[in-house]
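A.B. asks: Pasting a structure below so you can have a look.
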Amino acid sequence: MLFGEISSYFSKKQEHKAEMQRMLLQGKLDGEQHARNLAAQRLQAELGIKTINVQSEAAVSEIEAAAFKAAQERAWVPTGIKWVDAWNSSIRPAFGTAALFLWLLMEHRSGWAFGAWSMDLAGVVVGYFFADRSLRKRGK
C-alpha cells in the first residue's frame, strides 16, 4: 500500500509538471497567435488607408483631367468679338514663331554647333509634331 501511495504521488507530480509545461507552451503559442492577429489587423488597416489614398488620388486626377478637357474645349469656342477671336487664334503661332526664332538665333551665335540642349529640344519638337499626333490617331 505504501508503494502504491508513493508511486501515485510521483505519477501525479509528473502529470502536474507535464500539465504545467503544456499550459506554459499553450500560453506562449496563444501569445504568438495574438501577435500575428494584431500584425494582420494592422496590415489590413494600413492597406485600407492606402486603398483610400489611391482612390482619392485617382478621383482627383479624374476631376483634373475632366477640367483640363473642358478648358481646352472651351478655349476653341469663338467669343463673337472679332479682334478677341483673331488674337486667340494667333497667339500660339506667334509664340511658336518667336521661340523658333530665338532658338535659331542662339544656334547662329554658337556657330551652328548643336549641343545637348538643342538636340533634346529638337527631339521634343519632332516627338510632339509627329509621334504625338500618330499616337493620338490610334487612340493611345
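The values are calculated or read from the model by the stated rules, or taken from the named source; none is laboratory data. The shown structure was predicted, so the numbers you read here are calculated from the model rather than taken from an experiment. Reconstructed Cβ throughout: ideal geometry from the backbone, glycine too, with neighbour counts over all protein chains shown.
A.B. asks: Given (1) more than 34 Å from the chain's Cα centre (by Cα); (2) over 30 Å from Gly115 (Cβ atoms); (3) without any contact (Cβ under 8 Å) to a residue 12 or more places away in the chain, identify the lone condition not met by Phe95.
C.D. replies: Answer for Phe95: the failing condition is (2).
A.B. asks: Test Glu15 against the stated conditions and say whether it is part of a helix (DSSP H, G or I) and at pLDDT 90 or above. Full working, then the answer.
C.D. replies: Working: part of a helix (DSSP H, G or I): yes; at pLDDT 90 or above: yes.
Here the answer is yes, as Glu15 does meet what is asked.
A.B. asks: Across segment 24-78, what is the number of residues that are at pLDDT 90 or above and touching a helix residue (DSSP H, G or I) at 6+ places or on another chain (Cβ under 8 Å)?
C.D. replies: Residues that pass the stated criteria total 0.
A.B. asks: Let me ask another. Would you say Ala66 is under 38 Å from the mean Cα position of the chain (by Cα) and free of Cβ contacts under 8 Å to residues at least 12 places away in the same chain?
C.D. replies: On the way: under 38 Å from the mean Cα position of the chain (by Cα): yes; free of Cβ contacts under 8 Å to residues at least 12 places away in the same chain: yes.
Criteria met by Ala66.
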